[in-house]
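The values are calculated or read from the model by the stated rules, or taken from the named source; none is laboratory data. Source: prediction; values computed, not measured. When we count neighbours, we look across all protein chains shown, and the Cβ atoms used for this are built from the backbone with ideal geometry, even at glycine. Accessible surface areas use protein heavy atoms only, side chains included; no ligands, DNA or RNA. Shrake-Rupley method; radii C 1.70, N 1.55, O 1.52, S 1.80 Å.
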Amino acid sequence: MAFTQDAPQLAHPYRSDRLLQSLLDRVLPAERRAALDVDLDALGDYAQVAWQRVTSCTRRKPLLTQWDAWGHRVDRMELTSAWNEGATMTTRHAVLAAGHGDNAHGRLEEFARVYLYHLASEFYTCPLAMTDGAATALKASGNQALIGRALPHFLSREPALFWLSGQWMTENTGGSDVGGTETMARQDAEGQWRLYGRKWFSSAVVGEAALALARPEGAGSGTSALALFYVETMDGAQRKPQLIIDRLKDKLGTHELPTAEIHLDGLPAWPLGELAHGVRQVAPMLNVTRTWNAICAVASMARAVALARDYATRRQAFGRLLIEQPLHAQTLADMQAEFEGAFALAFEVAHLLGRVEHGVATSEETAALRLLTPLAKLWTGKLAVKICSEALECFGGAGYIEDTGLPQLLRDAQVYAIWEGTTNVLSLDSLRALAGDSFAALRSTLDGWLGGHGDSHPVALIRSTLDVSAHWLEQYGGQRDALEAGARGLAFTLARCSAAALLVRQAEWSRRYGDLRAAAALQRFVSHGLDRLLTPDADNAALLLG
Ligand code: MFK
């Protein structure tokens, strides 16, 4: 009988996840912790079923049928099974509702659900993130009429009442520089605002609502003249005729997610607040969706590492299991350590978000969150690609074969670095945060995490790297071009310092229960170094000539 290789098996994503279990054990009061098990167990079950689906069915893409047989414009969308199950899964397990309750732990409990649901949902989490962001931005606007109208749907626990919201910002003029937005808002004779223009990436076109940036007629140019509007897309079961789907995008990954080009031809709209400063008004949404991005990037890493580790216990080469091969074991351990750092940072941001929203965070934690959000997003986005790529390599040629379900992990991971602001845009956003008092706040927040564990090598390295970063900022803070050129290096350094400090805290907690694995992750993480600072090169021009 010819040899056949065992496929990797996916252990239960909740019950087998040491990091998630110990985070929740450490942070949550006992009754809340126990109450969470039912939903997390069910989402873990769903994830296992979904993995079976990935490896045993032909993958499907959404299908847009624009015209019926008789020439009527229908714009009918057929979605994958996971997408058709999305509203039921979301509402049954309170994925969004959990984050908007009356407890400061709610965001952590929400993001634990997101982490488990994300890959199984086939990126239905993308419009969920935007719906969560829209709920947050609406609350921040204080617009009671819109809050009363939309939030009961966005946060509903009934599938039939549930609405998805989009975030319509990107236009042909740009996804990063939204100041060039061309969509126009005009009032009709009855005083109703209506939107006219084209949105170039709409990931929730199947949703019932959206927040959209538009320029009120007669307003000036640039970002500050943009206004933020709430729109609804449906008239009963029919899509409103003023919302036209031009086509679906053909993308590198996230194939199950129907990303559309649309145009708006007088779609009724309601301003959230003043008819200007729309980007400032949408910022609460951006910070929430960036948190989703970080948690989902970590979820992809968790899957990649789990499958690669399992496979190493099933695959023999050169007379030994892969896991017994020193170099392979080293590679897996390196992936695990980086993943543990990313996990710690993403979930700390999620937890801090809840603490800040419920007014129980210190002012320093609040300022630190403003900086940690872009840091977590940009660092986990890049790391997900690296770890998924490494994981595919752990399978050799099999990692390159579609029906193993593995290549999709890498294709999909590439989106985390692009969505919700590229690595460079987020690095510049971290400079925006640092222009306030975020650096001092970060230092003191990290001191809090380090607690009394002051004399180990990792702690000394974190402190000395923060000193070097402060010096770098002093040196280049007054030279805008140099500061921007080095922003990515600074952001990666601060992200790694923050993750290392969180690993110190986790290692100390786990040690009390006799578990030394978090301490091992910390040692390996800091052995990769924390400092990613660069000396900005004033003479880039020579290299750009090719
Ligand atoms: C499964 C995971 C799911 C994840 C979600 C998936 C959804 C994917 C769909 C998308 O990707 S939608 C596209 C997302 N697009 C972006 O994220 C835009 C990227 N560009 C930026 O982030 C730019 O930095 C930005 C457009 C926000 C600002 O550029 P500008 O034109 O230079 O604006 P400016 O003047 O610096 O900022 C305007 C105001 O917003 C300022 O406040 P003031 O009016 O009070 O001065 C800024 O301080 C404020 N602001 C900007 N970013 C902020 C912020 N405030 C708080 N937090 C922030 N992050």
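Of the strands (runs of 3 or more DSSP E) lying entirely inside region 201-293, those containing at least 3 residues that are open to solvent by less than 10 Å² (accessible area, probe 1.4 Å) are 209-216, 227-232, 260-271. Quick one: is Y196 surrounded by 15 or more Cβ atoms within 10 Å (Cβ to Cβ), aromatic (F, W, Y) and near the ligand (Cβ under 10 Å from one of its atoms)? Judged against the criteria, Y196 is not a match. Of the numbered criteria (1) aliphatic (A, V, I, L, M); (2) more than 20 Å from F347 (Cα to Cα); (3) more than 16 Å from the ligand (Cβ to nearest atom), the one L502 fails is (2). Checked against (1) modelled with pLDDT of 95 or more; (2) open to solvent by 70 Å² or more (accessible area, probe 1.4 Å), G478 meets all criteria but (1). Of all residues in region 481-504, exactly one satisfies the criterion of being modelled with pLDDT under 95 and either under 24 Å from the mean Cα position of the chain (by Cα) or open to solvent by 60 Å² or more (accessible area, probe 1.4 Å) (or both), namely D481.
For region 95-152, give me each residue that is open to solvent by 10 Å² or more (accessible area, probe 1.4 Å), of a type in the set (D, E, K, R) and farther than 23 Å from L410 by Cβ. Passing the criteria: D102, E109, R113, K139, R149. Among the residues of region 176-204, write down those that are touching a helix residue (DSSP H, G or I) at 6+ places or on another chain (Cβ under 9 Å) and in contact (Cβ under 8 Å) with a residue 24 or more places away in the chain. Of everything in region 176-204, those that are touching a helix residue (DSSP H, G or I) at 6+ places or on another chain (Cβ under 9 Å) and in contact (Cβ under 8 Å) with a residue 24 or more places away in the chain turn out to be S176, V178, G179, T181, S203, A204. Considering region 489-544 alone, what residues qualify as being outside any helix (DSSP H, G or I) and either closer than 19 Å to I387 by Cα or outside the structural domain of D455 (by TED's automatic domain parsing) (or both)? Listed by number, the residues that qualify are H528, G529, L530, R532.
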